[in-house]
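The values are calculated or read from the model by the stated rules, or taken from the named source; none is laboratory data. Not measured: the values here are computed from a predicted model. Using ideal geometry, Cβ is built from the backbone for each residue, glycine included, and neighbour counts are taken over all protein chains shown.
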Amino acid sequence: MIDFWLAAGLLLLVALSFLLIPVLRGRRAQREEDRTALNVALYQERVAELHSQQEEGVLDVAQMASGRAEAARELLADTEGADTARVSRLGKTAPLIAAILVPVLGLGLYLHFGAADKVELTREFAQAPQSMEDMTQRLERAVAAQPDSAEGLYFLGRTYMAQDRPADAAKIFERTVAVAGRQPELLGQWAQAQYFADNKKWSDKVQALTDEALKADPKEVTSLGLLGIAAFEAERYQDAIDYWTRLQAQLPAEDASRAALQGGIERATEKLQANGGTVAKAPAAAVGGALLKVRVDLAPALKAKVQPGDSVFIFARAASGPPAPLAAKRVTVADLPVTVELGDADAMMPQLKLSNFPEVQLVARVSRAGQPTAGEWIGRSKPLASSTTAPQHLTIDSPDQ
């Protein structure tokens with residue numbers, strides 16, 4: 001902060017110089033004017049003396065003219081180089097008053113409208129905090145100085161949660177959502193803080209927040225973890241296992257949280273079995289992979305035009321992306337109508353999975369030659385989300401062109 005005030009002081013000195021230099025120059029011009037007036041008075045006195053001597057008969061006409069010319073030359077030599085007199089309309093006091101008021105007024109305006117608090121905060125954040133309380137105080141001051149900063153609000157909310165202050169965190173996350181929009185991650189953080197602020201009581205508000213977050217992003221980790229906790233507390237152990245399994249699938253293999261989640265899944269499994277229940281196997285979609293269920297049928301008008309042994313290729317491909325199938329299965333016309341599931345486990349290549357693409361298209365093709373890329377008849381669906389869980393229906397009804 002000292003550097004800032006030194007720089008401000010230098011700038012004030014520069015500004016004051018524009019006011020004070022003209023005043024000093026005016027004083028110099030006044031001194032020049034006074035000296036010129038004195039020289040003129042001396043000249044007039046010398047001329048009067050010459051006239052007096054001429055009248056007394058001491059000087060003749062020629063000597064009088066010579067003396068007067070000499071006095072004029074001396075006056076000219078004394079006044080040569082003197083500046084033209086300057087006329088000041090402001091007077092001498094106005095610049096001095098302005099020189100005093102400019103820095104005072106500038107300082108007052110800066111303290112009222114300026115950003116001294118932000119400058120100080122920037123310097124503080126450049127240094128490591130001494131404690132969690134120190135970090136919290138800094139974040140609180142930052143939020144007070146910049147109330148529309150979503151980043152500052154978010155980090156303050158996370159800090160409150162780390163300090164076991166969920167009620168304060170819930171209010172901050174609500175403000176964050178108002179500033180940054182209803183992003184899934186923020187909704188999940190808000191729901192989690194609200195749940196703990198309510199003493200782990202599930203409410204319609206928390207349910208609405210988690211529903212909205214997972215609708216926008218089915219893989220939102222905070223909401224999945226929170227739903228698992230709430231299910232476990234309510235002794236809905238199968239739901240807890242399902243939510244935590246889905247969450248575990250989103251975490252990197254080296255994430256330390258995976259071990260804690262696995263411990264929670266095992267405890268939920270033990271309690272479920274102790275109550276006489278059995279653990280249901282989670283479907284592929286529940287563990288983070290996409291799983292599409294589709295029923296494929298043949299249009300009645302085509303049944304007489306195909307053979308029972310003709311191959312039927314059912315696959316999903318990216319709506320916007322590579323043309324290669326993301327998942328595929330093969331049946332025959334004799335199997336129709338048939339219901340199949342297409343998931344990440346059916347991927348043609350490891351890097352091309354259903355879950356890697358937000359929108360896909362379902363395709364079913366009849367190929368008498370057994371070629372998946374060319375056939376006689378085809379059916380296509382409209383683009384749909386790869387996370388779709390509702391069963392789909394696909395009818396082969398068009399010539400393959």
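Some points to look at:
- Lys382 being under 22 Å from Lys215 (Cα atoms) and in contact (Cβ under 8 Å) with a residue 24 or more places away in the chain: no
- Top-ranked residue in segment 305-339 [being modelled with pLDDT under 90 and hydrophobic (A, V, I, L, M, F, W, C); ranked as surrounded by the fewest Cβ atoms within 10 Å (Cβ to Cβ)]: Ala324
- Given (1) hydrophobic (A, V, I, L, M, F, W, C); (2) out of contact with any Lys or Arg (no Cβ under 7 Å at 6 or more places or on another chain); (3) farther than 19 Å from Leu291 by Cβ, index of the condition Met349 fails: (3)
- When Pro218 is tested against (1) buried (at least 16 other Cβ atoms within 10 Å of the Cβ); (2) modelled with pLDDT of 90 or more; (3) under 26 Å from Arg267 (Cα atoms); (4) not hydrophobic (A, V, I, L, M, F, W, C), exactly one condition is not met: (2).
- All positions within segment 181-217 that are basic (Lys, Arg) and under 14 Å from Ala170 (Cβ atoms): Lys200, Lys201, Lys205
- When Ala259 is tested against (1) under 35 Å from the mean Cα position of the chain (by Cα); (2) part of a helix (DSSP H, G or I); (3) surrounded by 12 or more Cβ atoms within 10 Å (Cβ to Cβ); (4) modelled with pLDDT under 90, just one condition goes unmet, and that condition is (3).
- Single match in Leu251, Leu247 (criterion: outside the structural domain of Thr388 (by TED's automatic domain parsing), more than 30 Å from Val331 (Cα to Cα), surrounded by fewer than 20 Cβ atoms within 10 Å (Cβ to Cβ) and at pLDDT below 90): Leu251
- Any hit, segment 151-162, residues being aliphatic (A, V, I, L, M), surrounded by fewer than 18 Cβ atoms within 10 Å (Cβ to Cβ), out of contact with any Ser or Thr (no Cβ under 6 Å at 6 or more places or on another chain) and at pLDDT below 95: yes
- The test for being modelled with pLDDT of 90 or more and not acidic (Asp, Glu) does not hold for Phe357.
- Flag for Gly276 being more than 34 Å from the chain's Cα centre (by Cα) and either outside any helix (DSSP H, G or I) or more than 24 Å from Leu354 (Cα to Cα) (or both): yes
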